[in-house]
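J.: Right, I'll just put the structure down here and ask away after.
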């Protein structure tokens with residue numbers, strides 16, 4: 001399991017990042033003090049550094065030298081979190097802006113930690129969907145969803161390259177989206193996949209309103225899962241967290 005060392009003086013932001021990254025399956029070591037960060041870098045070898053500019057600026061020469069060695073050697077990439085005041089650093093790094101956007105965080109972390117990085121934040125779901133082929137339509141079950149496509153369990157034998165239209169209800173948002181897509185791959189039922197039959201559908205060009213609706217839905221579901229499994233929603237740093245639809249997020253949090 002890949003390990004991420006997260007350091008920032010803002011405790012609420014640290015709590016939020018730690019919960020989200022753990023939810024994605026990573027080991028996270030977090031701290032809010034430069035002295036603790038210095039000690040941790042003596043003791044562990046993280047696979048990724050995620051550090052606040054302000055913490056680095058107050059850490060002294062030893063901390064800077066440690067991080068410089070990690071970042072320039074290529075063994076431990078560095079992502080800098082925006083500080084309360086703009087700062088510059090000569091260290092090779094990428095920047096994570098605030099307020100924190102789940103999709104941006106995912107796209108920054110994945111290439112450094114996965115042999116085959118996912119390009120899009122994907123959500124495991126169980127949603128009804130309506131597949132339309134010409135004048136006919138068929139109910140199906142959506143098992144995974146991203147802003148760029150979905151996987152659907154369906155008896156429909158769709159061929160790779162086939163164009164389909166899908167109607168997807170965004171549960172909890174009182175909204176549905178209709179999107180055109182193309183079949184990217186198909187799965188035939190067999191013993192090896194527990195007789196699952198379905199296919200992956202890549203969305204065609206998605207207009208901004210539909211994209212925003214999908215992002216809002218996925219974001220709300222992810223934050224709901226994080227709150228349920230790792231930390232209460234009230235502990236998340238809402239001032240540092242970008243949310244497109246607070247009403248949906250709150251509705252998905254169990255009482």
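J.: May I ask you to verify whether residue 119 is under 20 Å from residue 23 (Cα atoms) and modelled with pLDDT under 90?
T.: Yes; evaluated as a whole, the condition is true for this residue.
J.: Take residue 128 and decide whether it is surrounded by 12 or more Cβ atoms within 10 Å (Cβ to Cβ), touching a residue at least 60 places away in the same chain (Cβ under 8 Å) and either within 19 Å of residue 216 (Cα to Cα) or in the same structural domain as residue 46 (by TED's automatic domain parsing) (or both).
T.: No: the conditions fail for residue 128.
J.: Restrict the check to segment 42-52 and report whether at least one residue is crowded, with 19+ Cβ neighbours inside 10 Å, more than 22 Å from the chain's Cα centre (by Cα) and not in a strand (DSSP E or B).
T.: no
J.: Name the one entry in 167, 177, 160 that is in contact (Cβ under 8 Å) with a residue 24 or more places away in the chain, in contact with a helix residue (DSSP H, G or I) (Cβ under 9 Å, 6 or more places away or on another chain) and farther than 19 Å from residue 118 by Cα.
T.: Unique residue meeting the criteria: 177.
J.: Something else about it: Does residue 98 fit the bill of being in a loop (DSSP other than H, G, I, E, B) and either in contact with a helix residue (DSSP H, G or I) (Cβ under 9 Å, 6 or more places away or on another chain) or under 25 Å from residue 76 (Cα atoms) (or both)?
T.: yes
J.: So which residues in segment 131-145 are buried (at least 19 other Cβ atoms within 10 Å of the Cβ) and either outside any strand (DSSP E or B) or in contact with a helix residue (DSSP H, G or I) (Cβ under 8 Å, 6 or more places away or on another chain) (or both)?
T.: Answer for segment 131-145, where residues must be buried (at least 19 other Cβ atoms within 10 Å of the Cβ) and either outside any strand (DSSP E or B) or in contact with a helix residue (DSSP H, G or I) (Cβ under 8 Å, 6 or more places away or on another chain) (or both): just 145.
J.: So residue 210 passes all but one of these: (1) surrounded by 14 or more Cβ atoms within 10 Å (Cβ to Cβ); (2) touching a strand residue (DSSP E or B) at 6+ places or on another chain (Cβ under 8 Å); (3) part of a loop (DSSP other than H, G, I, E, B). Which condition number does it fail?
T.: Single failed check for residue 210: (3).
J.: Condition test on residue 172, is it over 30 Å from residue 13 (Cα atoms) and over 16 Å from the mean Cα position of the chain (by Cα)?
T.: Judged against the criteria, residue 172 is not a match.
J.: Pick out the one residue from 167, 142, 152, 160 that is over 25 Å from residue 195 (Cβ atoms) and modelled with pLDDT of 95 or more.
T.: Testing whether each residue is over 25 Å from residue 195 (Cβ atoms) and modelled with pLDDT of 95 or more leaves just 167.
The values are calculated or read from the model by the stated rules, or taken from the named source; none is laboratory data. All figures in this text were calculated on a predicted structure; none of them were measured in a lab. Note that we place each Cβ from the backbone using ideal geometry, even for glycine, and neighbour counts take in every protein chain shown.
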